[in-house]
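What follows is one structure encoded as structure tokens, with my remarks underneath.
The values are calculated or read from the model by the stated rules, or taken from the named source; none is laboratory data. Predicted, not measured: the structure shown is a model, and the values here were computed from it. With ideal geometry, Cβ positions are generated from the backbone for all residues, glycine too; neighbour counts draw on all protein chains shown.
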Amino acid sequence: MPENRPLLAGIKVLEITTMVFGPAAGVVLSDFGADIIKIEPPGTGDLNRNWHKIAGLPISEIPYAFQMTNRNKKSVVLDLKTEEGLDAVCRLASDADVLITNYRIDAINRLKIDYDSMREINPKLVYALATGYGEKGEEIDKPGYDTVCYWTRSGIESHLFPYEGWLSTFPFGAGDHPSAMSLFGAIMSGLYQREQTGKGCKVSTSLLANGTWANSVMIQAGLAGAKYRDKRPRDHAYNFISLNYRTKDKELIKLTLVNSTRDWAPFCNSIGRPEFIDDNKFSTHEKRVENMTLLIREISDCFAEHNADYWLQRLTEYDIPHSKVFTYDEAVNDKQKSDNDIIIPLEHPEYGSIRTVNSPFEVSGFEKRKPTAAPTLGEHTEEILRDLGYSEEEIANYLDF
């Protein structure tokens, strides 16, 4: 049976973050029971509170972008440019286990919340730094977001860029969230190191490193001296095994025949073309490569004969790796995600019963914290300052920010 005590109960995290990369690591810690105190600037707070309103994103009155990465947290408004704000942060850091920041390095140094300054206050602190471009080199102070650090610099964007140009951008935060899992792993490694030595440390990762890691097989090819192939249109692709095929009802089916030699005969049977198995044009790997354009056309014509449901049943029956290409509506309502607690319910005091995306792993023996609403701006300022020993007069001054 799961323990009543969350895995990370008693771990205090001070989060001085913005947007997605840093906060997404904090939300995973919060799911497992860590107490997260989120420091936000006066006035606007975290920019992500309003980022769901930018042109092109899904339209909703619910601040879904902020909710996704800030559930279970407490919000404290402090002006770190003032002595009073810095004093409060230092008091909070003095008994924190973890400090997470993804502020730019120049800002971290100006605000005196750098690792060396925080280590003087709390030698046992695990200081987690998330950057765009890393901590060395000419570009460390450039503004870094996943769109330019993760997708573009990794080569992924050039690999995927369609010939007719983009119809839209990469999904919001789609590079930040996997990068945040690296930051989470680094934090847990830091906590383990502290358990062994009694000393804190700095852990760090960057969008640049994570984008490179995500595309590491293709980058390793270049490092090994491999020659990259020219891009081709779909109908003249190098291989049929990982293409999308359009069905009679205009849906898309994605194939992934990783072991195409083993799966060739079952695949031919699944699409109702058993004659392809021994056809002189397609019977061997070499023949398929030689006649790939013809093979892609034949398979495309075949998929156009039936609706998607027919093909999903046939490909499943013959154990061929495949998926329907989901729309967002289908991705949101995917039963397999609900069955595996990938999408879970959330009771929101303002918006009622909604759902949210769970952090992507479980630990046997421990239940995760039930997700709660992301905090309103400064919702917990008074409570946290009172716990730190500030007088009512001092608290009133902070609340004037």
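Name the residues in segment 268-315 that are assigned to a loop (DSSP other than H, G, I, E, B), within 37 Å of the chain's Cα centre (by Cα) and surrounded by fewer than 19 Cβ atoms within 10 Å (Cβ to Cβ), would you? Scanning segment 268-315 gives A304, H306, N307. Every test in (1) at pLDDT 95 or above; (2) in a helix (DSSP H, G or I); (3) assigned by TED's automatic domain parsing to the domain that holds F66; (4) surrounded by fewer than 16 Cβ atoms within 10 Å (Cβ to Cβ) is passed by H159 save one, and that test is (1).
Of all the criteria given as (1) buried (at least 16 other Cβ atoms within 10 Å of the Cβ); (2) among the aliphatic types (A, V, I, L, M); (3) closer than 26 Å to N239 by Cβ, the one not satisfied by A374 is (3).
Tally up the residues in segment 25-55 that are of a type in the set (A, V, I, L, M), touching a residue at least 60 places away in the same chain (Cβ under 8 Å) and in contact with a Leu (Cβ under 8 Å, 6 or more places away or on another chain), please. Residues that pass the stated criteria total 4. Name the residues in segment 110-134 that are of a type in the set (S, T, N, Q) and out of contact with any strand residue (DSSP E or B) (no Cβ under 7 Å at 6 or more places or on another chain), would you? The answer is S117, N122.
Each row is one residue, and each column tells you yes or no for (1) of a type in the set (A, V, I, L, M, F, W, C); (2) within 18 Å of D319 (Cβ to Cβ); (3) touching a Leu at 6+ places or on another chain (Cβ under 7 Å); (4) modelled with pLDDT of 95 or more.
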| residue | (1), (2), (3), (4) |
| --- | --- |
| K248 | no, no, no, yes |
| T256 | no, yes, no, no |
| N259 | no, yes, no, no |
| W264 | yes, yes, no, yes |
| F267 | yes, yes, yes, yes |
| P274 | no, yes, no, yes |
| N291 | no, no, no, yes |
| L295 | yes, no, no, yes |
| C302 | yes, no, no, yes |
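If you scan segment 218-275, which residues turn out to be among the acidic types (D, E), under 17 Å from L160 (Cα atoms) and in contact (Cβ under 8 Å) with a residue 40 or more places away in the chain? Lay out the reasoning, then the answer.
At the first step, the residues of segment 218-275 found to be among the acidic types (D, E) are 230, 235, 249, 251, 263, 275.
The next check asks that each one be under 17 Å from L160 (Cα atoms); those that pass are 230, 235.
Residue satisfying the conditions is D235 alone.
Filtered by the rule that a residue be in a loop (DSSP other than H, G, I, E, B), more than 13 Å from K368 (Cα to Cα) and within 22 Å of the chain's Cα centre (by Cα), segment 3-42 gives T17, T18, M19, V20.
The C-beta contact set for segment 298-314 (first residue in the same structural domain as L252 (by TED's automatic domain parsing) and touching a residue at least 24 places away in the same chain (Cβ under 8 Å), second residue charged (D, E, K, R) and surrounded by 14 or more Cβ atoms within 10 Å (Cβ to Cβ), distance under 7 angstrom, 6+ apart or interchain) comprises C302/R273; F303/R246; A304/R246; A308/E251; A308/K324; L312/K324.
Elements of the type strands (runs of 3 or more DSSP E) sitting completely within segment 43-153 and holding at least 3 residues that are over 22 Å from P375 (Cα atoms) and within 18 Å of the chain's Cα centre (by Cα): these cover 126-131. Output the residues belonging to segment 253-267 that are surrounded by 16 or more Cβ atoms within 10 Å (Cβ to Cβ) and of a type in the set (A, V, I, L, M, F, W, C). Residues satisfying the conditions are I253, L255, L257, W264, F267. The requirement of being over 19 Å from the mean Cα position of the chain (by Cα) and either at pLDDT 95 or above or part of a strand (DSSP E or B) (or both) is satisfied by S353. Flag not set for R104, criterion: over 19 Å from D46 (Cα atoms) and assigned by TED's automatic domain parsing to the domain that holds E40. Condition first: over 23 Å from E367 (Cα atoms), touching a Gly at 6+ places or on another chain (Cβ under 7 Å), at pLDDT 95 or above and not β-branched (V, I, T). Can you find one or more residues in segment 83-96 that meet it? Looking through segment 83-96, none of the residues is over 23 Å from E367 (Cα atoms), touching a Gly at 6+ places or on another chain (Cβ under 7 Å), at pLDDT 95 or above and not β-branched (V, I, T).
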